[in-house]
Every structure is written in C-alpha cells, then in structure tokens.
Amino acid sequence: MTPQKSVEKAIVKYIVHGLRPFSVVEQEPFGEFIKDLVPNAKMLSRVTLASKIEDGFNEMKAVLIEAMKGVDYVATTTDCWSVRRRGFIGVTAHWIDPDNLERCSAALACRQLRGSHTFDLLANALNDIHAEFEIRGKIVRTTTDNGANFVKAFRVFGEDENNSEEGVEAEAQSEDEGDTGVPEEDVEYIDTAALLHEDDGFEFQLPRHQRCACHILNLIASEDSTNANSSDAYKKLHHATFAKCYGLWNKCGRSTLAAEMVEDVCSLQLLRPNKTRWNSLFMAVERLLRICKEKGEGTLRAIATDLKVPMFNPAELAFLTEYAAVMSPVAQATNILQAETNTQMGWLLPTIHLLQIKLDKVKLQLKYCRPLVDSLQSGIQNRFLHMFKDAELVAAAILLPKFRTTWTKDDATIKMGIDYIKQHLEDPSMQPGDATRSSSSDEDDFFSSLQASKTQDGAKQFDAYLSCSADHMDLLRSFPAVYQAQHAPPSICSM
C-alpha cells in the first residue's frame, strides 16, 4: 500500500469512528490516528505541551521586559470587550527605538476580566499589568476609547492635571486649615474599618490619559453629524437618500441571488455598512458612486429595477456625491491616525488642523451638504480644541521633521510648543551626557543648571533644526539634543 493510500485509509478510519481531533478527552484515539499517518511520530502529552507553552510564554515575557528596560519612556493602549459571555482586557505597549527613532509595539496582555467592567476593576487590572512588566514609572500616557468606565478610571486614579485629584487635595487642604479650634463635642467619630475600605482615589496610580483620536473622529462622523438634521432641507434629502441606499444594501445582504446578480452586472459587490465602524458607511457610499461612474447610471437603475427597490433621483445622486466628498477627508484622517507603524503623537494636531482646512475648502463647492460640514466642524472644535492647548502635543508635532512649524499659522500655538521644547532642552536631565553619568559630586549636581544655561547648546541645535528643509527622521541625528528630546514624552505616545 502506498503512503498516500495509508494516509487516506487512516483519515477514513478516523472519520468513521466519529472522533474529533485535538480533543483532550479523546487524546488516546487521536494518538493512534497520528501513528497511522506518521508511524515514527511521538505524541506530546497534555502536561508536556502545557509546560512547553508556559516556558515559551515566560521566555517571551522576559525578552520583552528586558527590551523595555532599555528605554526611558513607554506609552500604552488598552481596551476591554465581551465575547461569548466572558470579558477581556487587552494592553499594548509602544516606545521609540533610540537607535532608529522607529515606533516599536508589543502586546503585553490579553486576559479575562471577571465581574462588571467598572472603573476600579479596570484600574486594578491596568496597574497589575504595568507593574508586572516593570514599566509603571515609565508610562507617559495611556490611550483608550471614550468609554465612561475608562474615563472615570483615569479621572479618579490618573495623573491628569484636570482630574479629580486636585479637588481631593483642595478639599483635604481646606479640611486641614479648618481643623484647629474645633470643640471636642463637635468631633465626628468614624468607623475605622469602613474608612480602610473607602475608595480615596489613591489605591492605584495610573498614567496620564489620552483619548483615542480615531474613536473621537468616529463619534464626530456618526454622532455629531446628526446635528445637520436641524436643517429641514438636508434632513429630508438625507433620509430619502439613505432609505434607498439601505434598501439596496439589505437586499444584497439577505439574498445571495441578489448579491450574485449585482456582481455579474457590475463586476463589483455592494458593501454593506455595519454598526461598529463608521468607515463602513463611507465605503459603502463610495462603492455605489463607483458603480455609477464606471458602469453608468443606467446600470444602477437596472439593478434597482431587478431588486424591486426605488431608484435614486438626480438630486439624491448629487447628495451622495457631496456626502462622499465631505466625508472623504474624515476617512483619510482616520486611516492616518490608526496606522500601525509610522504614526506617533506628533501626527495628531497637524492631521486634525488640516482636516478642518479641507472641510472649509470643500464647503465652498457644496449645494446640499453644507449643514453636514458645519456639524462636523462644530464636533471637531468641541472634542479637539483642548488638545491644541496642550503644550506637549504641540511640541510633539514640532519635533517631527515632517511638520515642524509649518502645520499651522497660529503663532501663539507654535510659540507655546517651542517654549515647551526649549524649556526641556535647557533641563540638565534632558542633556545626553547627564543620562549616562553614573555619579557626581554634590558641587557638580548643585551648579549643573548654571553650566547648562551657560552653554545653551540645546537651544542652538533646536533653532538649527527648525531652519533645515529636510523632512526625514534621519535629520535628527545631526542634532543630538533634539534627537534626545524626540523620543521623550511629547513624541512617544501612540493613538
């Protein structure tokens, strides 16, 4: 019997017996099946396999911890979700490679969360993961979505300047100041056991919070855009147009015959939007317009007739064209900010600022969708305006050779970022030589600031950096002080 016939016989035997591969319960019959396929093969026991997996995990974890020990600043991203009646939390780490200034990423954890996903449960899980990988003191920011549980976790336990810790400290200070001269009979006695279990906001220490820019753009495109319905003309045309769109999409999504008919006629399938990603709606509209452009309006009309759905009138087709033109820069900005490798925090403000400019330009050519542009601009202002006042984010954009000071004409914003950078360049802790100094005398430490202010090499290098025309990252190697600052906190965070 040939080896092929032997394998076929073993497979038939296994199927006839109704055995399922990789089953722990039926490990013995599966071992016999493997021996029939490969007589010289040796089956691993469940204990041995689990031990090898555990050893591999520990080895990978040790390598990752060692890699992050070599960097001074780390950013993390996290999310939680539920699937098959179980909850999970995932955490990734990001840092800038000091040798080539490229962003490095690694998955730290994907573990089960038991119980409701409350803010304190998330804070506890994040704190444990950060401590487990020995990066708790290195994390500059943690990026999450806009979920209320994450927002509250960082408001209560985070380091943000505008979080509730200021209120807690102010309240504690006022209580201390009014504590003198209180009569004995007015003292309120508190149960110490209850006090020990009370949440004071300092049980965990989370880093600064950064809300995901892509998720914010998603909210603007899906939620804030509905404010355009305040215009009766826009609302009427919007509802009528998308009612016909969903008629086509639902027909093709529910019937394979309908989907095949569209593919035969158009050489393309219709895309069907889903509720989890706004981009899917834009891409579905774009596909409709592509079919209309490449195959003609007559083809789209024939499809609507065959599927027995209403056909678009000229005003509705013009509305879809304008809708795609308005949403195209929003989709492009989302794709840029959710890039896997190239994007750093310095891309955030230039991308949002240019998005506003593009929306202003497209608005001049619109007839039906001007209310949509107004609602998007309002949403961008409400959700991103405070970020343009964050000196770190402005500095992160200036430290990228691609943007520097050319991404905005607001002199006050640029000045804020430049002042922030120069302030940190003059800090002795930011100078390259100080990072490698193992020890020094008290005299050197005490007067080091005078020496730094006397040389001001960092400020001169920064001015020379701004005057260069090259836009590649290797340019930073010519300016050691700027190179050192580029992978410091302002530029490292991932979105």
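Observations on the structure shown:
- Across segment 278-294, the qualifying residues are those that are at pLDDT 90 or above and touching a helix residue (DSSP H, G or I) at 6+ places or on another chain (Cβ under 7 Å), and the one among them that is farthest from Leu237 (Cα to Cα) is Ile291.
- Checked against (1) surrounded by 10 or more Cβ atoms within 10 Å (Cβ to Cβ); (2) more than 23 Å from Phe204 (Cα to Cα), Lys42 passes all but a single condition, namely (1).
- Answer from Gln332, Gln377, Gln344 - the residue that is in contact with a Lys or Arg (Cβ under 9 Å, 6 or more places away or on another chain), surrounded by fewer than 16 Cβ atoms within 10 Å (Cβ to Cβ) and either assigned by TED's automatic domain parsing to the domain that holds Thr405 or under 30 Å from Ala396 (Cβ atoms) (or both): Gln332
- Residue in segment 388-405 that is surrounded by fewer than 17 Cβ atoms within 10 Å (Cβ to Cβ) and at pLDDT below 60 present: no
- With respect to the conditions (1) touching a helix residue (DSSP H, G or I) at 6+ places or on another chain (Cβ under 7 Å); (2) modelled with pLDDT of 85 or more, Asp411 lacks only one, and its number is (1).
- Scanning segment 234-256 turns up at least one residue that is of a type in the set (Lys, Arg), surrounded by 13 or more Cβ atoms within 10 Å (Cβ to Cβ) and closer than 17 Å to Glu322 by Cβ.
- Counted residues, segment 258-311 - those being surrounded by 15 or more Cβ atoms within 10 Å (Cβ to Cβ), without any contact (Cβ under 8 Å) to a residue 12 or more places away in the chain and basic (Lys, Arg): 0
- Qualifying residue in segment 72-93 (condition: modelled with pLDDT under 90, part of a loop (DSSP other than H, G, I, E, B), of a type outside the set (S, T, N, Q) and over 23 Å from His209 (Cα atoms)): yes
- Of the residues screened, Val71 is one that is farther than 16 Å from Asp145 by Cβ and in contact with a strand residue (DSSP E or B) (Cβ under 7 Å, 6 or more places away or on another chain).
- Restricting attention to segment 84-106 and to residues that are hydrophobic (A, V, I, L, M, F, W, C) and more than 19 Å from Phe150 (Cα to Cα), the residue that is surrounded by the most Cβ atoms within 10 Å (Cβ to Cβ) turns out to be Trp95.
Quick grid of which residues meet (1) part of a loop (DSSP other than H, G, I, E, B); (2) modelled with pLDDT of 90 or more; (3) in the same structural domain as Ser375 (by TED's automatic domain parsing):
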{"site": "Glu185", "(1), (2), (3)": "no, no, no"}
{"site": "Phe204", "(1), (2), (3)": "yes, no, no"}
{"site": "Ile220", "(1), (2), (3)": "no, yes, yes"}
{"site": "Ala228", "(1), (2), (3)": "no, yes, yes"}
{"site": "Leu237", "(1), (2), (3)": "no, yes, yes"}
{"site": "Gly253", "(1), (2), (3)": "no, no, yes"}
{"site": "Ala258", "(1), (2), (3)": "no, yes, yes"}
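The values are calculated or read from the model by the stated rules, or taken from the named source; none is laboratory data. Treat the numbers as computed from the prediction; the structure is a model and nothing was measured. FYI the Cβ positions are ideal-geometry reconstructions off the backbone, even for glycines, and counts take in every protein chain you see.
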